[in-house]
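A.B. asks: Can you keep this structure in mind? I'll have questions shortly.
Coordinate-derived values only; no laboratory data. It should be emphasised that the depicted structure is a prediction, and the values quoted were computed from it without experimental measurement. With ideal geometry, Cβ positions are generated from the backbone for all residues, glycine too; neighbour counts draw on all protein chains shown.
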Amino acid sequence: MDRSGPVVVIEDDVDDQEVLSLVFKELNYPNEIKFFSDGEEALNYLNRTDITPFLILSDINMPKLNGFAMREKIRLDAKLQVKCIPYLFFTTGATQKAVIDAYSASVQGFFIKQNTMAELVKTISVIMEYWKRCSSPNSFEP
């Protein structure tokens, strides 16, 4: 995890992308926000770049490669595994099964998209602050 790396947001709904852009702008974090419309597009980016993202916020229901399939591909890819990128679900709805499946797949968080701007700002702020303070294997100097 690179605290200064980009935040990768995998979200196929353009309106949700726009709202999240406003939320991150309001919170004024220095991290670049990189939006991808599906997991396949995001996975291609992760495999092409040497940059280590700060974290991944992924919707679950997406075209081409859903959030669970995307998580599994990252978890099984040795090159991506060593980057230790926190993978969190950020979705509109949840079932107990989805939450169990997420944590069984080593997802580091499961968050429901809030209905108001104020609640969205609060949730994203909590996520960012938690991971900014969290230690990871890559946060130690050699």
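A.B. asks: Hey, any hits in segment 42-49 for a residue that's without any contact (Cβ under 8 Å) to a residue 40 or more places away in the chain, out of contact with any Phe, Trp or Tyr (no Cβ under 8 Å at 6 or more places or on another chain) and either under 15 Å from L88 (Cβ atoms) or among the aliphatic types (A, V, I, L, M) (or both)?
C.D. replies: Step one: filter segment 42-49 for residues without any contact (Cβ under 8 Å) to a residue 40 or more places away in the chain, giving 42-49.
Pick out the ones that are also out of contact with any Phe, Trp or Tyr (no Cβ under 8 Å at 6 or more places or on another chain) and you get 43-44, 46-49.
Those left that are additionally either under 15 Å from L88 (Cβ atoms) or among the aliphatic types (A, V, I, L, M) (or both): 43, 46.
Yes, segment 42-49 contains a residue that is without any contact (Cβ under 8 Å) to a residue 40 or more places away in the chain, out of contact with any Phe, Trp or Tyr (no Cβ under 8 Å at 6 or more places or on another chain) and either under 15 Å from L88 (Cβ atoms) or among the aliphatic types (A, V, I, L, M) (or both).
A.B. asks: Suppose we filter T123, T116, T92 for residues that are loosely packed, with under 13 Cβ neighbours inside 10 Å and farther than 24 Å from P137 by Cα; which single one remains?
C.D. replies: Result: T116 is the single residue among T123, T116, T92 that is loosely packed, with under 13 Cβ neighbours inside 10 Å and farther than 24 Å from P137 by Cα.
A.B. asks: Within segment 61-90, which residues are without any contact (Cβ under 8 Å) to a residue 60 or more places away in the chain and assigned to a loop (DSSP other than H, G, I, E, B)?
C.D. replies: N61, M62, P63, K64, L65, N66, D77, V82
A.B. asks: Please go through segment 42-60 and give me each residue that is surrounded by 18 or more Cβ atoms within 10 Å (Cβ to Cβ) and part of a helix (DSSP H, G or I), ordered by number.
C.D. replies: Once the filter is applied, which keeps residues that are surrounded by 18 or more Cβ atoms within 10 Å (Cβ to Cβ) and part of a helix (DSSP H, G or I), segment 42-60 yields A42, L43, L46.
A.B. asks: Please enumerate the residues belonging to segment 17-39 that are surrounded by 15 or more Cβ atoms within 10 Å (Cβ to Cβ), under 14 Å from the mean Cα position of the chain (by Cα) and not aromatic (F, W, Y).
C.D. replies: Selection gives Q17, L20, N31, I33, K34, S37, D38, G39.
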